[in-house]
Each structure stands twice: as C-alpha cells, then as structure tokens.
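Working notes, beginning with the structure itself.
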Amino acid sequence: MKDRAWIVELDQDSYILFSRSSTHPIIYAITLVTTRRGRAHAVRTYDNAHRADEHHVHRYIGQRKQPPTMTHGPVNEAMARADRDIRGNWRSYIRQWEETIDR
C-alpha cells in the first residue's frame with residue numbers, strides 16, 4: 001500500500017506527484033502532471049505496480065495510458081532514474097502530450 005505522497009512543483013501548471021509505500025517491498029508511482037483548463041492531467045507515469053523489481057514507464061495520449069516500456073532492477077535506482085528523467089525532460093514530455101490532446 002502506498003502510504004507516503006508528496007509533490008514537487010515544476011511551474012505554476014505542472015508538478016511531479018510521488019507516492020510510495022513505507023514498507024518492503026517498496027511499491028511506488030511517480031507521475032508528471034500538468035493542469036489545463038483547471039483540470040489535472042497525467043502526462044507520464046513511472047511505477048512498479050506488478051512486481052517490486054519490474055519498472056514501467058507509461059506515456060499518455062490525451063487521457064489514455066499507453067502500454068508500458070519495462071525495465072528490471074532495484075527500486076531505489078528506478079525511482080532515482082525516474083525523478084532525474086522527469087526533471088530533465090518535463091517540458092518536452094508536456095509538449096509531446098499536448099500534441100495528442102485532440103486525437
């Protein structure tokens with residue numbers, strides 16, 4: 001069960017939502033979120049919803065979550081990699097997502 005959550009603001013419309021469990025095995029989700037017309041939208045989600053060592057990256061086309069890209073490895077490394085990826089690329093991920101809104 002994910003029992004810890006926090007937000008890191010990126011700008012006035014976008015933020016990273018982190019949620020994770022306190023106990024082992026660690027289950028997590030890290031989501032890039034942007035707000036358009038007063039509504040929050042997931043842009044990209046990183047998680048290990050199925051197995052502690054199986055990590056997914058989901059893109060969104062509009063509101064539809066796409067099939068994941070998968071990797072395997074330690075949870076802490078995957079979470080750190082997801083955090084770095086979002087912080088380094090969030091503007092381009094949001095631009096890519098915006099191009100899919102009307103599809």
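The values are calculated or read from the model by the stated rules, or taken from the named source; none is laboratory data. These numbers were taken from a predicted model, which means no experiment stands behind them. Every residue, glycine among them, receives a Cβ derived from its backbone with ideal geometry; neighbour counts consider all protein chains shown.
Of the numbered criteria (1) touching a Lys or Arg at 6+ places or on another chain (Cβ under 9 Å); (2) on the phi > 0 side of the Ramachandran plot, the one Arg37 fails is (1). Given the structure, is His50 out of contact with any Ser or Thr (no Cβ under 7 Å at 6 or more places or on another chain) and either polar (S, T, N, Q) or at pLDDT below 95 (or both)? Yes; evaluated as a whole, the condition is true for this residue.
Listed here are the residues, each with its yes/no results for (1) surrounded by 15 or more Cβ atoms within 10 Å (Cβ to Cβ); (2) in contact with a Pro (Cβ under 6 Å, 6 or more places away or on another chain); (3) closer than 23 Å to Thr23 by Cα.
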| position | (1), (2), (3) |
| --- | --- |
| Arg59 | yes, no, no |
| Glu77 | no, no, yes |
| Ala82 | yes, no, yes |
| Asp85 | yes, no, no |
| Ile101 | no, no, no |
